[in-house]
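Below is one structure, written out as structure tokens; comments come after it.
The values are calculated or read from the model by the stated rules, or taken from the named source; none is laboratory data. Keep in mind that this is a model prediction, so the values were computed, not measured. Backbone-built Cβ (ideal geometry, glycine too); neighbour counts: all protein chains shown.
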Amino acid sequence: MTLGNGVRNGNYPEMIGNSNVIKNIKELVSKVANTDSTVLILGESGTGKELIAKTIHLKSQRNNKPFIPVNCGAIPVDLLESELFGHEKGAFTGAVASRTGRFELADGGTIFLDEIAEMPPILQVKLLRVLQEKSFERVGGTKTVHSDARIMAATNKDLEQEVKAGRFREDLFYRLNVIPVNIPPLRRRKDDIQALCSFFVSKHAERFGREPVTFSDDAMNVLLAYEWPGNVRELENIIERLLVLKDDNVVTPFDLPERMTGKKIPDLPPIDDEDVNPFVSGIDLNSAIEEYEKRLILHALELNSGVKSQAAKYLNLNRTTLIEKMKRLGL
């Protein structure tokens, strides 16, 4: 699944996939969008948590107000309070002017607190008050500021375990966990991979102004067998790389990263300086290419126990073409 960076269906980010889990998430998003309930989005990195939040916001009656994302794990702890709640002039060294915080900016709209488990305990207390009273004070200030911002949060950690370990407040967890949205990892919803590939190919082919690529059956089988530790983000990155680097339009297993196939392509044959004629600049390119072609064919035969039909399939060749090449190369 992705809620891609592209936008479809009017103003809504696209939710790609036909698996049951995607259908359930779409239904849940539609149900919670026009409420003010706090939403906690749970899932591994790269599953699309922020884009779920954006979809909920855009489908809500707040969609004409700001959507303000904050990555709690990316902002230094000593600056996070000021980022969230703002500060008054002179509140600390370097505060040469007053600053409006993210909660004020999100007034009437939505604030999305990503990596909420990284929020330090002292700020968890202040966030709890905002959830309860929709008010706070800027750093160094005494005036109470009100903000009607809908709060959504996300984490890739198990917050219940964080509570048990004493790293996250139990009362804050229950305040955030009103509407939980669980996004399973890609390895648990592989039925969506082909649809995701089509979406990302179209998206990036248009971006780069080139023809779309297609996937051979073997290449698609590799994608379906892979465990995807980086989830949807990893899949999109691979497809973008293919569209940048591939000259032709058919993706084979040879085009995919070694970590996915588990099959290393043999290194190019080394060039011995003694074989280079000192009176002639360069090397014999045809000989070097022929030597590499031999290594690829022998490698394919070794991987496939000498079965020529399987080796030909591995190399994306017809069996007769492989046999002709073997004869020409004296194999």
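Below are the figures for this structure:
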{"quantity": "Single match in 91, 74 (criterion: over 23 Å from residue 26 (Cβ atoms), out of contact with any strand residue (DSSP E or B) (no Cβ under 6 Å at 6 or more places or on another chain) and not in a strand (DSSP E or B))", "calculated": "74"}
{"quantity": "Enumeration of residues in the stretch 213-232 that are in contact with a Cys (Cβ under 9 Å, 6 or more places away or on another chain) and buried (at least 21 other Cβ atoms within 10 Å of the Cβ)", "calculated": "215, 223"}
{"quantity": "The stretch 234-290 - residue that is within 28 Å of residue 47 (Cα to Cα) and among the basic types (Lys, Arg) and, of those, modelled with the highest pLDDT", "calculated": "241"}
{"quantity": "All positions within the stretch 139-154 that are touching a Lys or Arg at 6+ places or on another chain (Cβ under 8 Å) and of a type outside the set (Gly, Ala, Ser)", "calculated": "145, 146, 148, 150"}
{"quantity": "Some residue of the stretch 291-301 being of a type outside the set (Phe, Trp, Tyr) and either exposed (fewer than 14 other Cβ atoms within 10 Å of the Cβ) or on the phi > 0 side of the Ramachandran plot (or both)", "calculated": "no"}
{"quantity": "Filtered residues of the stretch 36-69 (kept if touching a residue at least 40 places away in the same chain (Cβ under 8 Å), over 18 Å from the mean Cα position of the chain (by Cα) and not in a helix (DSSP H, G or I))", "calculated": "36, 37, 38, 39, 40, 60, 62, 63, 65, 66, 67, 68"}
{"quantity": "When residues of the stretch 173-186 are limited to those that are touching a helix residue (DSSP H, G or I) at 6+ places or on another chain (Cβ under 8 Å) and surrounded by fewer than 21 Cβ atoms within 10 Å (Cβ to Cβ), the one nearest to residue 25 (Cα to Cα)", "calculated": "181"}
{"quantity": "Pair list, Cβ < 9 Å and 6+ apart or interchain, from the stretch 244-268 residues that are among the aromatic types (Phe, Trp, Tyr) to residues that are assigned to a loop (DSSP other than H, G, I, E, B) and at pLDDT below 90", "calculated": "254/263; 254/265; 254/315; 254/316"}
{"quantity": "Qualifying residue in the stretch 127-134 (condition: farther than 20 Å from residue 176 by Cβ and either within 31 Å of the chain's Cα centre (by Cα) or of a type outside the set (A, V, I, L, M) (or both))", "calculated": "no"}
{"quantity": "Verdict on residue 98 being hydroxyl-bearing (Ser, Thr, Tyr) and without any contact (Cβ under 8 Å) to a residue 24 or more places away in the chain", "calculated": "no"}
{"quantity": "Enumeration of residues in the stretch 70-94 that are within 21 Å of residue 145 (Cα to Cα), surrounded by fewer than 21 Cβ atoms within 10 Å (Cβ to Cβ) and over 29 Å from the mean Cα position of the chain (by Cα)", "calculated": "88, 89, 90, 91, 92"}
{"quantity": "Residue within the stretch 202-210 that is within 21 Å of residue 258 (Cα to Cα) and more than 13 Å from the chain's Cα centre (by Cα) present", "calculated": "no"}
{"quantity": "Residue check, residue 112 closer than 24 Å to residue 167 by Cα, in contact (Cβ under 8 Å) with a residue 60 or more places away in the chain, in contact with a helix residue (DSSP H, G or I) (Cβ under 9 Å, 6 or more places away or on another chain) and outside any helix (DSSP H, G or I)", "calculated": "yes"}
{"quantity": "Subset of the stretch 1-23 that is under 23 Å from residue 187 (Cα atoms), loosely packed, with under 13 Cβ neighbours inside 10 Å and not charged (D, E, K, R) - its residue that is modelled with the lowest pLDDT", "calculated": "5"}
{"quantity": "Residue in the stretch 94-102 that is within 18 Å of residue 39 (Cβ to Cβ) and either of a type in the set (Asp, Glu) or assigned by TED's automatic domain parsing to the domain that holds residue 166 (or both) present", "calculated": "yes"}
